[in-house]
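The values are calculated or read from the model by the stated rules, or taken from the named source; none is laboratory data. Keep in mind the model is a prediction, meaning the values are calculated, not measured. So basically every Cβ, Gly included, is an ideal-geometry build from the backbone, and we count neighbours across all protein chains shown. When the accessible area is computed, the model is the full protein with side chains, heavy atoms only, and any ligands, DNA or RNA have been set aside. Shrake-Rupley method; radii C 1.70, N 1.55, O 1.52, S 1.80 Å.
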Amino acid sequence: MTTGPGAEAPTLTDRYIHAATRSIRTAERAAVAAELRERIADATDARLAAGVSPDTVEASVLTELGDPERVAADYTGQALHLIGPRFYLTWRRLVKILLATVVPCVVFAMLLAGVIDRDPIGAVVWSAIAIPATVAIHLVFWTTFAFAMIERLESHAAGRGKPLRLKQLADIETAAQPWTIDQLVTVGPARTRLARSSFIALVAYELIFAALVVLQQFLVVLGGTPVPLVDPVHWSFLLPWLLCVAAVRLALTIVVYLRGRWQGWSASLYGIATLAFIVPVIWHWTAGTLVNPAFNAAAGIDADDEAVRVIGVVLGIGALIIAGSEMFGPIRAAWRGRAASVGTR
Amino acid sequence: MWHMSDDTSEGHLQELRRGTIVLACLIRLRQPGYGYSLLEALDDYGFKVDANTLYPLLRRLEQQGYLTSEWNTEESRPRKFYRTSTAGERLAATLLTDWDALSASLRRIQDES
């Protein structure tokens, strides 16, 4: 609607039509504008015939019509939501998966980098909070943005009466993991039971660990003679202690298997035993007193070398993570068992 | 509480009427008509439609091919006339059959309950 010299000032109707159609694609804009004009004119005529005063009729018709953008959306069939029911569950699952997998990795990486660089503890903690937070915000934003774009595409096509039937959309819709019966999580007592396969694995693991504690003296042969990996001075306390802890864990595992499931006391004892194992080991590892100096000398490893130190830090953190997950398993099973029994008693 | 049940029952009433408007339009527009005249005619027959519902509905039916439209420029101002197409006739027939079937089912379920 161009106004040249001598044209009247835009009426309320002109301004309304402009507001309603300015966000519509050029191809459809003229058509929607014409229809709106007809509709407004008809409504105006009807009201005038009913006796409404000509001064107020335009305003009252337009007011009753309502928000011009909403009226335009009704005409074009545009979706008035960011992400609709079709893609919402997929979006939500994806965001949850991303946050659960990526953010812990970033936290780990920040901690590792901080430790390796020997940064002050305050800076390390801050970077382990601030940077993962930024990453999380980016993850949520870009995922939401992508899905919002898909939703716009879809509703735009649907508004023209031809919903998109692209195979890609159907794939996105089913989250690249079409929901099947298999995805249902087990509930009830089965969830807390110590499975036979887990039991055998735990026993084997414990036995192998105990065997390694003893056999590490004989495994590495350098220059014709076996060189112990662990400083032999530790035979006075640490290594026998580790064997005891392994025996305790083995006994606990057998008891739990015979009883059928993890309980509060068994999970706690198992956790304490794991701590009793990991704490002294990490203590000596960080102090550099765990490894046999003779081994370092024979293998040509310089303990002060930067690369060696980095590997040491990574191994140490890896051991901590493994110990943590070993504690976590029984505790989670015991927790589920408590929750389940509350319901059944 | 009275107010709340008013809102929910209004919602259910709207649901009940929603589908019939399409059928009513397709039948009425066997004779060409334009937006406002259709609105008044439907009101006379007892179909309570909102203008905000009817106009976009006509547009959508046209996009889906069930109505044809034509701008009539003879009168004082241009008017868009809608008319049921052949596809629209077929759809109307299908909807009517379904409507009769539903009506009969409702009567049966009332009689037997």
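Sort chain B into rounded, prolate or oblate with this rule: let a ≥ b ≥ c be the square roots of the eigenvalues of the Cα gyration tensor; rounded if a/c is under 1.5, and if a/c is not under 1.5, prolate when a/b is larger than b/c, oblate otherwise.
oblate
Can you tell which of A:THR286, A:LEU222, A:LEU112 lies farthest toward the positive end of the dipole of the protein assembly as shown, using +1 and -1 charges on the Cβ of basic and acidic side chains (Lys, Arg; Asp, Glu)?
Looking along the dipole axis, the top candidate is A:LEU222.
A:VAL308 to A:ALA133: FRET efficiency via 1/(1 + (r/R0)^6), r the Cβ-Cβ distance, R0 35 Å, to the nearest 0.05?
Rounded to the nearest 0.05, the efficiency is 0.60.
When you look at the Cβ of every residue in A:37-46, what mean number of other chain Cβ atoms sits within 10 Å?
That average works out to 4.
Residues of B:28-37, mean number of Cβ from any other protein chain within 10 Å of their own Cβ, rounded to a whole number?
Taking all residues of B:28-37 together, the mean is 2.
Kyte-Doolittle mean at least -1.0 and Cα extent at least 20 Å along the axis: which DSSP H helices of chain B qualify?
Long hydrophobic helices here: B:2-28, B:86-112.
Pairs of alpha-carbon atoms within less than 8 angstrom and 6+ residues apart define the contacts here; what relative contact order does region A:216-345 have, in percent?
Working: 99 pairs, mean separation 41.7, N = 130.
Relative contact order comes out at 32 percent.
With label points built 7 Å along Cα→Cβ from the Cα atoms of A:ILE331 and A:ALA59, find their separation and express it in nm.
6.9 nm
Sketch the reach of a paramagnetic label on A:ARG70 as a point 7 Å from Cα along Cα-to-Cβ, and name the residues of region B:54-73 whose backbone nitrogen lies under 18 Å away.
B:54-57
If you place +1 on the Cβ of every Lys and Arg and -1 on the Cβ of every Asp and Glu, how big does the dipole about the Cα centre of the protein assembly as shown come out, in debye to the nearest 20? Show your work: numbers first, answer last.
Details: 43 positive and 44 negative charges, 332 e Å.
Taking the Cα centre of the protein assembly as shown as origin, the dipole is about 1600 debye.
Could you work out the helix-only [θ] at 222 nm for chain B, with each DSSP H run of four or more residues adding -39,500 (n - 2.57) and the total divided by the number of residues, to the nearest 500 deg cm²/dmol?
-23500 deg cm²/dmol
Nearest 500 deg cm²/dmol is fine: what mean residue ellipticity at 222 nm does chain A get from its DSSP H runs of n ≥ 4 alone, each adding -39,500 (n - 2.57), divided by its residue count?
Calculated mean residue ellipticity at 222 nm is -25000 deg cm²/dmol.
Quick one: with all protein chains in place, what share of the accessible area of the protein assembly as shown is carbon or sulfur, to the nearest percent (1.4 Å probe)?
Working: 18670 of 28980 Å².
Carbon and sulfur atoms account for 64 percent of the accessible area of the protein assembly as shown.
What number does chain A give for Rg over Rh if you use C-alpha atoms and the Kirkwood radius?
Radius of gyration relative to Kirkwood radius: 1.25.
How much area per residue is accessible in region A:1-141 when the probe is 1.4 Å and only protein heavy atoms are counted (Å²)?
Details: 8580 Å² over 141 residues.
With all protein chains present, region A:1-141 gives 61 Å² per residue.
Please give the net charge around A:ARG309, taking every other residue with its beta carbon less than 13 angstrom from that of A:ARG309, where Lys and Arg add +1 and Asp and Glu add -1.
Neighbourhood net charge equals -4.
For A:ILE317 and B:GLN64, what is the calculated FRET efficiency with R₀ set at 51 Å and r taken between the beta-carbons, to the nearest 0.05? Mind showing how you got there, number by number?
Details: r = 62 Å, r/R0 = 1.21.
Step by step, r from the Cβ atoms, then E = 0.25.
Choose one of A:PHE237, A:ALA303, A:ALA267: the residue whose Cα lies farthest towards the positive end of the charge dipole of region A:218-329 (beta-carbon charges +1 Lys, Arg; -1 Asp, Glu; about the Cα centre).
Farthest towards the positive pole: A:ALA267.
Would you mind computing, in nm to one decimal, how far apart the modelled labels at B:GLU10 and A:PHE141 are, each placed 7 Å from Cα along Cα→Cβ?
4.1 nm
Toward the positive end of the charge dipole of chain B, about the Cα centre and with charges on Cβ (Lys, Arg +1; Asp, Glu -1), which of B:TYR82, B:LEU23, B:LEU54 goes farthest?
The listed residue farthest towards the positive side: B:TYR82.
Roughly how much accessible area, to the nearest 100 Å², goes out of reach of solvent when B and A pair up, both sides summed, probe 1.4 Å?
On the way: alone 8610 and 21890 Å², together 28980 Å².
Using a 1.4 Å probe, the pair buries roughly 1500 Å².
Please state the charge dipole magnitude for region B:17-100, taken about the Cα centre, from unit charges on C-beta atoms (+1 on K and R, -1 on D and E), reported in debye and rounded to the nearest 20.
Charge dipole, region B:17-100, about its Cα centre: 200 debye, nearest 20.
For an R0 of 35 angstrom, estimate the FRET efficiency from the Cβ-Cβ distance between A:LEU207 and A:PHE108 and round to the nearest 0.05. It would help to have the intermediate numbers written out before the result.
On the way: r = 30 Å, r/R0 = 0.86.
E(calc), rounded to 0.05, equals 0.70.
So who's got an amide H within less than 5 Å of the one on B:ASN72, skipping anything under 5 residues away but keeping other chains? H placed 1.01 Å off N, in plane.
Here B:ARG79, B:LYS80, B:PHE81 satisfy the definition.
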